[in-house]
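Step one of this worksheet: look at the structure below.
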Amino acid sequence: SGTVAIITSDGRMIVGTLKGFDQTINLILDESHERVFSSSQGVEQVVLGLYIVRGDNVAVIGEIDEETDSTLDLGNIRAEPLNSVVH
């Protein structure tokens, strides 16, 4: 399976290899990490490893182009963290 980026309902961004999912969109990711955004410093990558995201916490999921992703200079990206999704 490919590399995916997940935005969670509480505004986190988790990137990893999609290993499996079920009908309620519970996701199993391998080799995953969270990208923590900051307006004052570069993107911090927190290693999570094998990780499960509950389906009711998934706001957006998309496939990542690994070639493009590998050219990003995460150390120079400044961004405000995302807000939680309001239902």
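What follows is calculated from the coordinates using simple rules that are stated; it is not laboratory data. What you see is a predicted model; the values in this text were computed from it and never measured. Backbone-built Cβ (ideal geometry, glycine too); neighbour counts: all protein chains shown.
Annotations
- Structure-derived Cα Rg over 2.2 N^0.38 Å - corresponding label in (1) 1.08; (2) 1.81; (3) 1.87: (1)
- Remark: the range 42-48, residue by residue, has Karplus-estimated 3J(HN,Hα) of x, 6, 8, 10, 9, 6, 10 Hz, where x stands for each Gly or Pro and the curve is 6.51 cos²θ - 1.76 cosθ + 1.60 at θ = phi - 60°.
- Extended-chain gain in nm, criterion 0.36 nm per residue less alpha-carbon gap, Val85 and Gln41: 13.4 nm
- Highest mean first, the peptides 58-65, 31-38 sorted by other C-beta atoms within 10 Å per residue fall in the order 31-38, 58-65.
- A straight chain from Leu74 to Arg54 at 0.36 nm per residue would run longer than the Cα-Cα distance by 4.5 nm.
- Karplus 3J(HN,Hα) series, Hz, for the range 5-10 with 6.51 cos²θ - 1.76 cosθ + 1.60 (x for Gly, Pro): 10, 10, 9, 8, 4, 8
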